[in-house]
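Below is one structure, written out as structure tokens; the observations come after it.
The values are calculated or read from the model by the stated rules, or taken from the named source; none is laboratory data. On a predicted model such as this, the values are computed, not experimentally measured, just so you know. Cβ atoms come from the backbone with ideal geometry, glycine included; neighbour counts cover every protein chain shown.
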Amino acid sequence: MKIPCETPEGEGLISAGPLPREAREAVYQTIHSRRDVRDQFLPDPLPDDLVRRLLEAAHAAPSVGFMQPWSFILIRDAETKARAHAAFLTANDEAAAMFADEQQVLYRGLKLEGIRKAPLSIVVTSDPDRAGPVVLGRTHNPKMDLYSTVCAVQNLWLAARAEGVGVGWVSIFRDEDVRALLGIPERVEIIAWLCLGYVETLYSEPELAIKGWRQRLPLEDLIFEGRWREPTPD
């Protein structure tokens, strides 16, 4: 909701004051209850108008030089999802082998079936050429377009939580497999394969914390005053 601004010189401005208390509480509730959904998707399709709202939220993200480097590939076709799942299984076996002993057992016990179960996948990409070779704000950090696209992913994720839609971010892929499957050019970065669908429940805490993979670090150990110091070891 845009709050009209009374400043006479500021056509196109809105108030920078805080949102109403209920709105602020809703924002924080959305942030703290967001979860990465891996297996609990229901088969019900997402309405087109809802998907559009989620994409509009993603498209409203901040971006370096306002370059808006993101694109969104919507995948509903069962055959494409099956081929993606096969590529995931290959990479997942490779990933499992990188862990030892109890961690490998725990890893293999995680249910990672979002690609097949979710009715919709959205692949988010970042095009470094979207605003030309020289981009305001990217002149000294060429990764800023990637960071901008991750902001779009977070916007979509939070909007989905507010709409009662579960989201899972699949990152266990060989990059070349996804490129070949979806025809993505080499210059374009693949940022995220997102699985979306309705879910009946969410974990009260992050799933990996509940299942003993890792616990949330104390915020106090990650706040430094004035200069860097090494965080407290786990």
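Observations on the model:
- When region 12-46 is filtered for residues that are among the hydroxyl-bearing types (Ser, Thr, Tyr) and under 20 Å from the mean Cα position of the chain (by Cα), the ones remaining, listed by number, are TYR28, THR30, SER33.
- Whichever residue in region 90-122 is in a loop (DSSP other than H, G, I, E, B) and free of Cβ contacts under 8 Å to residues at least 24 places away in the same chain and, among such residues, is farthest from the chain's Cα centre (by Cα): ALA100
- For region 67-89, taking the residues that are free of Cβ contacts under 8 Å to residues at least 24 places away in the same chain and part of a helix (DSSP H, G or I), the one that is surrounded by the fewest Cβ atoms within 10 Å (Cβ to Cβ) is identified as GLU79.
- Considering ARG227, ARG216, the condition of being at pLDDT 95 or above, of a type in the set (D, E, K, R), in contact with a Pro (Cβ under 8 Å, 6 or more places away or on another chain) and more than 20 Å from ALA58 (Cβ to Cβ) is satisfied by ARG216 alone.
- Annotation: of all residues in region 161-189 being surrounded by fewer than 19 Cβ atoms within 10 Å (Cβ to Cβ) and in contact with a Phe, Trp or Tyr (Cβ under 9 Å, 6 or more places away or on another chain), the one that is farthest from CYS151 (Cα to Cα) is ASP177.
- Residue in region 47-61 that is in a helix (DSSP H, G or I), among the aliphatic types (A, V, I, L, M) and over 20 Å from the mean Cα position of the chain (by Cα) present: no
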